[in-house]
């Protein structure tokens, strides 16, 4: 046979396998050595954790080459269903590159026509001369892929060879199956995240005008809210919390929560948490008691996230305590830690459930009426957020009907920054003392109208546009000071619109930009910051927070982009 057009790897890497063949004349290796080889093969899966299919196949063939006197190994398998088959050809212990593989095309074609038989070989022509070849399947039948082993050894495959090859291929098949499952799991997780992000956006769009309309109703009426209005507010708050929890659990499980730490006084955090749960506490006629240290209890943390921790714990205590119950919150300080204990006299926790309370979707025994409500993710969010603050949270209960206590410990922070002086600069009114001009862009007509009414009621001059084309037309004559933009817009998104608005004005930092959107993933906030947005709020937003951002005292470019994760209840 003529020599191949490209140089082949020198024969090597087979020393041990060939030595075995010479020493034992193709007969099975001594028991001790065979067991050692077998144990080496069985240890292979430990190397496969987190590896892709190609790496698994390469590790398997390299291991086999150290045991069996192989000259050639050829693998052809669809590692992932959506991808074309992968082919790996190794000769004399080295993987051939694409140029060298072409000389072996007739051999590969002949191998494809072979039958599966792990104990008998067929003689095939190769660029190295005739070789004895066997074919094994990676899985059930040829659909799972094939692997061919070839050797010059006249006794190939011996009984020992067949046993080792069978074991290696079986392990590799399991490894490939695991790699495929891992890939599918990652794909499903990514699809789930994208679905939840879109779901959150779609749910927040109708929530935003409802929240704003309720705020306007309270502002315009001198009378206490009606019973029907209070019910709507409670249910809207509940739905908003569910949407927020769904978004949070996705970010937390994928490690995408970004904290904005600062020196925080725990008394302030607890006061805000009390405000957040007060509607539920009042509805259930609970007695809520706070015992707090007189000295400041400072921690380094994200105020919004810490407030979320205690709102979740207090909400749990209120939901699972019978009407008219007692909830006591104790704040204490030690040399190195701040400790907050929330104790209730509610239904308690079963002993078998106690170690599981911080697991996702764990709610214990749930009756058909689901009186507690929720999704079973609140405590999982609590634990993950506390862990991110380098703290700990524990649960204790003496059993069913005996109440429960949740204790949060956070590191004490001593290096407290001094407060800003009282004469901090305030934002000056636009020239001529005129009202701030706002451009509000949103393709949700109800959300845009309600927010327009709320901002006008505060004293701003506001024009609205349902799409970017109209916004650019209005901007040329209106000259807005601030543009409040939705991101998911037709024709062009909010990021592109922001750029075009500043092109129209001819000034690099005018109008000031605020994002008001249903998209709240970290990547969305990062894109907003890169596009020049000063603030990024997720719908529904409390009007007071949006107004505070519009009237912010710091000039553009000198303040961080707010996360928009300020979960406040309706007034």
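General observations
- Separation between Cα centres of the stretch 304-362 and the stretch 444-517, rounded to whole Å: 43
- Here the spin labels are modelled as points 7 Å beyond Cα on the Cα-Cβ line, and at residue 544 and residue 202 they lie 3.4 nm apart.
- Protection proxy ranking of 521-527, 239-245, by the mean of other Cβ atoms within 10 Å over each peptide's residues and highest first, is 239-245, 521-527.
- Pairwise label distance in nanometres, residue 174 with residue 110, each label 7 Å out on the Cα-Cβ vector: 3.5
- Mean separation of Cα contacts under 8 Å (6+ apart) over length of the stretch 177-287, as relative contact order %: 30
- Note on residue 46 and residue 182: with the Förster distance fixed at 22 Å, the Cβ-Cβ geometry gives a FRET efficiency of about 0.90.
- Considering only alpha-carbon pairs that sit under 8 angstrom and 6 or more positions apart, the relative contact order computed for the stretch 434-550 is 23 percent.
- Spin-label model, residue 268 to residue 221: label points 7 Å out along the Cα-to-beta-carbon direction sit 3.4 nm apart.
- Evaluated over the Cα positions of the stretch 434-550, the convex hull gives a direction-averaged projected area, one quarter of its surface, of 6.5 nm².
- Taking the centroid of alpha carbons for each part, the stretch 72-131 and the stretch 259-301 are 68 Å apart.
Rule-based calculations on the coordinates, nothing more; no lab input. Predicted model, so just to flag it, every value in this text is computed and none were measured. So basically every Cβ, Gly included, is an ideal-geometry build from the backbone, and we count neighbours across all protein chains shown.
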